[in-house]
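Input: a single structure, listed below in structure tokens.
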Amino acid sequence: MPGVTRFGVSLERDLLNRFDRHIGRKGYPNRSEAIRDLIRDSLVREQWEKGADEAVGTITLVYNHDTRELAGRLTDLQHAHYGSILSTLHIHLDARHCLEVLVLRGNTADLKTFADRLIGTRGVKHGTFSATAAGDILP
Ligand code: NI
């Protein structure tokens, strides 16, 4: 492969055995692919820790829309951060529950604050935030 460098890694046999079992369970075809993913994940974490301006992430929320004033509060929060929202998806899970997914782009600190506010809103039953990165920082 052009542009690819091979390098050796020394580590304890027991650690390597555990790593091989771990990546086997995850379905990686080989160690190289697993190590590439670990490196990319580390680069994304660093971007979030150092506070980059062009980060990407998603928020997933599950809530009961019958909870008093909840839907209005969530909408108000989203309008207050409209510049960070690329897209939203709303699924009616059953007669009462809603699943909402927001795709965000912006400054890491702003996105984290926004996610914390939404997930922490009283009445949200479950919320997750997934921090990722635009593709250009991931060689
Ligand atoms: Ni709904």
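The values are calculated or read from the model by the stated rules, or taken from the named source; none is laboratory data. In this text the structure is predicted, and so the values were computed from the model without any measurement. Heads up, the Cβs are rebuilt from the backbone with ideal geometry, glycines too, and the neighbour counts pull from every protein chain shown.
Cβ-Cβ distances below 6 Å connect the following pairs, each with a first residue in segment 103-120 that is on the phi < 0 side of the Ramachandran plot and outside any helix (DSSP H, G or I), a second residue that is surrounded by fewer than 15 Cβ atoms within 10 Å (Cβ to Cβ) and modelled with pLDDT of 95 or more, and a separation of six or more residues or different chains: Val103/Leu86; Val103/Ser87; Arg105/Leu86.
Candidates Asp66, Asp41, Asp37, Asp20: the one that is not hydroxyl-bearing (Ser, Thr, Tyr) and not in a helix (DSSP H, G or I) is Asp66.
For segment 60-78, a residue qualifies if it is more than 16 Å from the ligand (Cβ to nearest atom) and in contact with a Leu (Cβ under 8 Å, 6 or more places away or on another chain), and exactly one does: Leu77. Residue pairs whose Cβ atoms lie under 7 Å apart, sitting 6 or more positions apart in sequence or on different chains, and linking a residue in segment 77-96 that is within 16 Å of Asp66 (Cβ to Cβ) to a partner that is acidic (Asp, Glu) and within 16 Å of the ligand (Cβ to nearest atom), are His90/Glu100; Arg96/Asp66. Does Asp94 qualify as being within 30 Å of Lys50 (Cβ to Cβ), loosely packed, with under 11 Cβ neighbours inside 10 Å and acidic (Asp, Glu)? So Asp94 does not fit the description; no.
The residues of segment 79-101 that are away from the ligand (no atom under 14 Å from the Cβ) and either out of contact with any helix residue (DSSP H, G or I) (no Cβ under 7 Å at 6 or more places or on another chain) or not hydroxyl-bearing (Ser, Thr, Tyr) (or both), listed by number, are His79, Ala80, His81, Tyr82, Gly83, Ile85, Leu86, Ser87. Can you spot a residue in segment 48-55 that is touching a residue at least 40 places away in the same chain (Cβ under 8 Å), part of a strand (DSSP E or B), more than 11 Å from the ligand (Cβ to nearest atom) and surrounded by 15 or more Cβ atoms within 10 Å (Cβ to Cβ)? So far as segment 48-55 goes, yes, one or more of its residues are touching a residue at least 40 places away in the same chain (Cβ under 8 Å), part of a strand (DSSP E or B), more than 11 Å from the ligand (Cβ to nearest atom) and surrounded by 15 or more Cβ atoms within 10 Å (Cβ to Cβ).
Using the structure shown, decide if Ser10 is out of contact with any Pro (no Cβ under 6 Å at 6 or more places or on another chain), among the polar types (S, T, N, Q) and farther than 20 Å from Pro139 by Cα. When the stated conditions are applied, Ser10 passes them. Of all residues in segment 120-139, those being under 14 Å from the mean Cα position of the chain (by Cα), surrounded by fewer than 17 Cβ atoms within 10 Å (Cβ to Cβ) and of a type in the set (A, V, I, L, M, F, W, C) number 1. When Ile85, Ile59 are screened for being closer than 21 Å to Arg122 by Cβ, touching a strand residue (DSSP E or B) at 6+ places or on another chain (Cβ under 7 Å) and not charged (D, E, K, R), only Ile59 passes.
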